[in-house]
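First comes the structure, then the notes that go with it.
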Amino acid sequence: MKAVILAGGLGTRLAEETSLRPKPMVEVGGRPILWHIMKIYAAHGVRDFIICCGFKGYVIKEYFANYQLHMSDVTIDTRKSEIQFDRSYAEDWSVKLVDTGANTMTGGRLGRVGHLLRDEEAFFLTYGDGVADIDIAALAERHRSHGGLATVTAVRPPSRFGLLDMVDDDRVASFAEKPIEDAGWINGGFFVLSPKVLDLIEDDSTIWERSPMERLAESGELHAYRHDGFWQPMDTLRDRTQLEELWSSGKAPWQCWP
């Protein structure tokens, strides 16, 4: 199965980083978060990617065009204009980079690459700014089991603040730092979709999370895969700092590869 990654948004809430590069190229542990997402998929055998580029998409293209250079130790002979890769590291990936427009919405980006997906039985779709310790194989199996057109990963968002359990007006009975909220399940991305959903996309202005998903739900074609584990988007500088701290600790929950 192919994995489509939406990587063209402006990332306005992370302006400290995205003024120079697209949000999926903001680094965690010295690697773009896009790389982390792709490593999650590759760890489960998914190595065929379609990246929907938009805002500063050339930065993503440059990264993969020079991937070996980015990932290797090199010796450069300036007199002979030669480069020797001393320690080369390459992924077993096929990466198709498609310019889907600077102002195109999420559904429109998917529609722009629809011609690459029509012959697939199903494909993955996710956002280029969030990681999880999700079992991609189990997600795909869930999609096959219900026979519907779409599967969305449902997650519970972590609270941004500590929870106080108050009794007697002023005594704190318990405190939980960053507990899981009881507000219910939310869209965590990591979709599995039938190519038939492409027919629900009208044009570049289509927002995937609105009309297409609403129509799929109304027709009984949208099912959920419940993920109770780690999930975190990188919406703000604070989020990026938290992800960086987890990676630096050597205990990043989403690292499912050696």
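For this structure, a couple of remarks:
- Scan of the range 47-60 for residues that are open to solvent by 50 Å² or more (accessible area, probe 1.4 Å) and closer than 15 Å to Ser94 by Cβ, ordered by number: Arg47, Asp48
- Residues of the range 1-21 that are assigned to a strand (DSSP E or B) and surrounded by fewer than 21 Cβ atoms within 10 Å (Cβ to Cβ): Lys2 alone.
- Condition met for His44 (within 23 Å of Gly250 (Cβ to Cβ) and open to solvent by 70 Å² or more (accessible area, probe 1.4 Å)): no
- Those residues of the range 1-23 which are in contact with a Cys (Cβ under 9 Å, 6 or more places away or on another chain) and within 22 Å of Pro253 (Cβ to Cβ), in sequence order: Ile5
- Every pair of residues 6+ apart whose Cβ atoms lie under 8 Å, when the first sits in the range 85-113 and is farther than 22 Å from Gly45 by Cα while the second is of a type in the set (Asp, Glu) and not in a loop (DSSP other than H, G, I, E, B): Phe85/Asp73; Asp86/Asp73; Arg87/Asp73
- Any chance Ile83 is β-branched (Val, Ile, Thr) and either more than 19 Å from Gln232 (Cα to Cα) or open to solvent by 40 Å² or more (accessible area, probe 1.4 Å) (or both): yes
- Residues of the range 91-131 that are in contact with a Pro (Cβ under 8 Å, 6 or more places away or on another chain) and not in a loop (DSSP other than H, G, I, E, B): Gly107, Gly114, Phe123, Tyr127, Gly130.
- Residue check, Arg118 surrounded by fewer than 15 Cβ atoms within 10 Å (Cβ to Cβ), at pLDDT 95 or above and under 22 Å from Pro212 (Cβ atoms): yes
- For the range 80-115, filtered to residues that are farther than 23 Å from Leu149 by Cα and basic (Lys, Arg), the residue that is modelled with the lowest pLDDT is Arg87.
- Meets criteria (of a type outside the set (Gly, Ala, Ser) and more than 21 Å from Met38 (Cβ to Cβ)) for His223: yes
- Residue within the range 71-79 that is at pLDDT below 95, open to solvent by 30 Å² or more (accessible area, probe 1.4 Å) and either acidic (Asp, Glu) or under 22 Å from Asp129 (Cα atoms) (or both) present: yes
- Scanning the range 238-258 for residues that are part of a helix (DSSP H, G or I) and in contact with a strand residue (DSSP E or B) (Cβ under 8 Å, 6 or more places away or on another chain) yields Asp239, Arg240, Gln242, Leu243, Glu244, Trp247.
- Qualifying strands (runs of 3 or more DSSP E) (wholly inside the range 136-237; at least 1 residues being β-branched (Val, Ile, Thr) and either at pLDDT 95 or above or surrounded by 13 or more Cβ atoms within 10 Å (Cβ to Cβ) (or both)): 150-155, 191-193
- Of the numbered criteria (1) over 18 Å from Pro233 (Cβ atoms); (2) touching a Leu at 6+ places or on another chain (Cβ under 9 Å); (3) of a type in the set (Phe, Trp, Tyr), the one Tyr127 fails is (1).
The values are calculated or read from the model by the stated rules, or taken from the named source; none is laboratory data. Please read these numbers as outputs of a predicted model, since none were measured by experiment. Glycine also receives a Cβ, built like all others from the backbone with ideal geometry; neighbour counts cover every protein chain displayed. Calculation scope for accessible area: heavy atoms of the full protein, side chains included, ligands and nucleic acids excluded. Shrake-Rupley method; radii C 1.70, N 1.55, O 1.52, S 1.80 Å.
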